[in-house]
Every structure is written in C-alpha cells, then in structure tokens.
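The values are calculated or read from the model by the stated rules, or taken from the named source; none is laboratory data. Model, not experiment: these values are computed from the prediction. Note: ideal-geometry Cβ built from the backbone for every residue, glycine included; neighbour counts use all protein chains shown. Please note that ligands, DNA and RNA were not included when accessible areas were found on the heavy atoms of the full protein model with its side chains. Shrake-Rupley method; radii C 1.70, N 1.55, O 1.52, S 1.80 Å.
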Amino acid sequence: MDTADFFEIHRFASVDSTNEAVKRAAAAGAPEGWLAVADEQTAGKGRRGRSWASPPGESLYFSFLLKPDLAPALLPQVTIVAGLAVANAIRRELQLPALIKWPNDIVIGGKKVCGILTEAFSCGGGTAVVVGIGINVNTAAFPKELQDRATSLFLERSGSGNAAPVDRDALLMAVLAAYAEGYARFMEEGSLARIREAYEALMVSLGKQVRIEDPAGAYTAVCRGIGADGAMRIALPDGTEQMVSSGEISVRGLYGYV
Ligand code: BTN
C-alpha cells in the first residue's frame, strides 16, 4: 500500500480535535485515508473521557479515517496496528527505544510519549473508524505532576546528546508509512496474525508481572503477549492462561506507570 495514495492530508492551524474534524469530514463524504493534522487542538480528547493537552508549535496531533470492510467487533484491532506503527516509526526515524504499553500507549524509558484514541462511529449506513494519534514531540518540560509519567521525543533525544528539535513532518510521514504497511498486512487476513509477533517484540510488559485493574477487582498476572484479536494474553498465578480485552480494564506494571 502506497502511503501517498492512501492518505489525503488536510492541515489545520487550530481545530477542536482532529478526531472530530475527521468525523465531520466523514459525514460530508470523505474517503478512507482522509487525515487531519493540527498544530494545536483546543479540545483534544484522551481515552476514558480525559482531555489531551495540545498546545501549538510543539507536538503532533493527527487523525485519519478508516472504512475497513470488517465486522464491527474487529474494528478495535486497527488501534493495535497504530501502536505498532508509531513505535516502529520512532525507532526507525529517531533511533529511540520506543516500546508499546498494551494496547497502544507508546513509552520510552518507562514514560508515555504517545497516546492513541480510536473511535468507531456510524457513517453512511456502515461503521467507520477514526484513529487519533498524539505524540509529544518537542515538549521541553512537563508539569510537575506528569514528570514521572510523561516524556517527549525531544527530551529523550537530548538525553542521549542530540538537542536539536525533532522534525514533526518527517515523523508524521514515517508514522504514516509504517501504518500503511501494518494496515495492509492486517487487512489481508482481517486479523493481527501477521503483525502479532512484531507487536509482541515491542511490548513493554512481555514476560513481566502486570496488575490488571478490573472493575470487579484488581489482580496480578504475567503478560504472555496478545491474541490474534489484540486481547492481552495473561498467565494467572496458578498457570492458567486468560485473555484480557481493553475496554474498561487497565493494565499496569507492578511498580509505576508501565
Ligand atoms: C490517550 O488518552 O492516551 C489518547 C490520546 C489521544 C490524543 C490524540 S491527539 C490527536 C487526536 N485528537 C484528539 O482529540 N485526540 C487524539
């Protein structure tokens, strides 16, 4: 799949949320691959109803439209493809050791550098998906309360001796190329089977103890990877294996954010 053919890029100086810009475009008939990238978001949205701070001039905020011909239950898997694409793009473009905190936070050195908000919505009688990606690119400092959990590519790169700002456009193109590659593999089989191994190789929790924060009660288990549907495979203390779907469940390392 050719990146330039698949994505149709629309640039905004300021927008409420690039996810909302994509949904509006979809309602007006935009095709698959329609992409909004903004310098600033005035109402950036995070997962679980949180907001996503989106000041101008420093980071990447973009969203794109997908209309995969798949059962609605399979649609959340496109978010796994997005997590892998961002981690790979950061590794290839900037040689930084990006890892994935399941399902799709990207972390470097145990701190979050990217969040992804995927939303399915009704569109033209079917279901469409918007994948929204926020990457902390050239943020030079985070508020005190976030400093132990959040980082930027600039901070990570300057920690290894390169204090030049990161080129946001080059990074966007690298993410889109990686996404187009992963999405084509995903769509060939309608499952994550062909990208699962690559995803697992970058999972920050693989083989480690994690705390599963289930509304019905928290428990610990060992992360064994993901299933072909993107759910996390865990081993309970008695050795039995279970699958955990993202939904309302959050997974943490035993000590701290990852
Ligand atoms: C998270 O909570 O980790 C997800 C954050 C997703 C933020 C991105 S920024 C671009 C797109 N537009 C939004 O309003 N949210 C997503």
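Things to note:
- Where helices (runs of 4 or more DSSP H) fall wholly inside the range 1-118, the ranges with 3 or more residues that are within 12 Å of the ligand (Cβ to nearest atom) and either open to solvent by 50 Å² or more (accessible area, probe 1.4 Å) or modelled with pLDDT of 95 or more (or both) are 18-27, 77-94.
- Taking the conditions (1) without any contact (Cβ under 8 Å) to a residue 24 or more places away in the chain; (2) assigned to a helix (DSSP H, G or I) in turn, residue 200 satisfies each one other than (1).
- The listed residue being surrounded by fewer than 17 Cβ atoms within 10 Å (Cβ to Cβ) and either within 18 Å of the chain's Cα centre (by Cα) or in a loop (DSSP other than H, G, I, E, B) (or both), out of 182, 207: 207
- Subset of the range 119-136 (residues that are within 16 Å of residue 20 (Cα to Cα) and either touching a residue at least 12 places away in the same chain (Cβ under 8 Å) or open to solvent by less than 40 Å² (accessible area, probe 1.4 Å) (or both)): 119, 120, 121, 123, 127, 128, 129, 130, 131, 132, 133, 134
- Candidates 212, 195, 234, filtered to the one that is of a type in the set (Val, Ile, Thr) and in contact with an Asp or Glu (Cβ under 8 Å, 6 or more places away or on another chain): 234
Every residue, every condition in (1) closer than 28 Å to residue 75 by Cβ; (2) in contact with a helix residue (DSSP H, G or I) (Cβ under 6 Å, 6 or more places away or on another chain), yes or no:
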| residue | (1), (2) |
| --- | --- |
| 166 | no, yes |
| 182 | yes, yes |
| 221 | yes, no |
| 225 | yes, yes |
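- Identity of the residue in the range 158-179, part of a helix (DSSP H, G or I) and more than 20 Å from the chain's Cα centre (by Cα), that ends up surrounded by the fewest Cβ atoms within 10 Å (Cβ to Cβ): 159
- Condition broken by residue 139, with the remaining ones in (1) open to solvent by less than 40 Å² (accessible area, probe 1.4 Å); (2) in a strand (DSSP E or B) satisfied: (2)
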